[in-house]
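Worksheet: one structure, shown below.
Derivation of every value follows stated rules applied to the coordinates shown; laboratory data play no part. Please read all numbers here as calculations on a predicted model, not as lab measurements. In this analysis, Cβ positions are derived from the backbone assuming ideal geometry, glycine residues included, and neighbour counts consider all displayed protein chains.
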Amino acid sequence: MICLLLTIFANVLQTGWTGLNERTFVAVKPDGVQRRLVGDIVHRFEKKGFKLVGMKLVQASEDLLKEHYRDLRAKPFFNGLIQYMSAGPVVAMVWQGLDVVKTSRKMMGETNPADSLPGTVRGDYCVEVGRNVIHGSDSVESAQREIALWFSQDELHCWEDHSIRWIYA
Ligand code: ADP
């Protein structure tokens with residue numbers, strides 16, 4: 001019941017998903033699924049201490065991907081990006097926790113794997129910008145837009161986190 005009220009409150013006031021309740025959208029891209037990296041990537045976010053609130057395997061439509069990447073539509077690589085992202089299923093996820101948007105971006109590495117440090121997903125698992133394995137929202141505003149685009153309300157789960165006092169002081 002508390003979760004339901006929080007969800008309604010957060011959706012009415014977009015500032016509701018802040019602090020420990022901040023959420024981000026993360027996707028393992030088709031190359032990551034093909035290369036059996038899903039388990040490792042999920043494991044990294046779990047071990048970090050973030051809370052999984054939504055996850056599904058999706059064959060994304062071109063329309064969904066064009067909307068998702070709408071800010072990049074003028075880029076020369078846009079059509080190739082849509083083809084790449086629709087070439088197979090992606091694992092779409094929503095993770096929750098303090099500063100999860102910023103921290104997820106750090107865990108992913110830079111857009112170009114060559115600029116990504118070892119220890120990051122892109123630094124460890126890929127070589128080329130056009131096959132960079134993982135997506136993560138780049139701001140709280142993008143996260144809200146992307147979560148609403150990829151997930152319906154009933155696909156996002158509120159559950160009691162028994163380790164919360166061992167993750168947050
Ligand atoms: P990020 O995914 O790190 O937020 P962008 O939003 O700039 O990066 O780009 C979205 C995606 O578009 C990248 O993750 C990558 O898959 C693809 N992309 C970006 N730049 C290029 C490029 N120069 N050539 C091919 N694909 C690119």
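What share of Cα pairs, in percent, lie more than 25 angstrom apart in region 15-169? Of all Cα-Cα distances in region 15-169, 25 percent exceed 25 Å. Highest mean packing comes first when the peptides 73-82, 158-167 are listed by Cβ atoms within 10 Å, giving 73-82, 158-167.
Rounded to the nearest 500, the 222 nm mean residue ellipticity of the chain from helices alone is -11000 deg cm²/dmol, with -39,500 (n - 2.57) taken per DSSP H run of at least 4 residues. Full extension of the chain between LEU20 and ASP99 gives 27.7 nm of extra length, using 0.36 nm per residue less the Cα-Cα distance. Between GLU67 and TRP166, the FRET efficiency estimated from the beta carbon spacing at R0 = 41 angstrom works out to 0.60. Ordering of 124-130, 85-91 by packing is 85-91, 124-130, highest average first (other Cβ atoms within 10 Å, averaged per residue).
Taking Cα atoms only, the orientation of helix 140-150 departs from the longest principal axis of the chain by about 80 degrees.
So if we plug the beta-carbon distance of ASP154 and VAL38 into 1/(1 + (r/R0)^6) with R0 = 22 Å, what FRET efficiency do we get, rounded to 0.05?
Rounded to the nearest 0.05, the efficiency is 0.45.
Relative to the longest principal axis of the Cα atoms of the chain, the long axis of helix 2-12 makes an angle of roughly 60 degrees. How about LYS66: which lysines have a C-alpha closer than 29 Å to its C-alpha, ignoring those fewer than 8 places off in the same chain? Here the lysines satisfying the reach criterion relative to LYS66 are LYS29, LYS51, LYS56, LYS75, LYS102, LYS106.
Evaluate the relative contact order of the chain (contact order divided by residue number), counting alpha-carbon pairs under 8 angstrom at least 6 apart; express in whole percent.
Answer for the chain is 31 percent.
Couplings 3J(HN,Hα) of region 97-110, computed from phi: x, 4, 6, 5, 5, 5, 5, 4, 4, 5, 5, 6, x, 7 Hz, in residue order, whole Hz [Karplus 6.51 cos²θ - 1.76 cosθ + 1.60, θ = phi - 60°; x for Gly and Pro].
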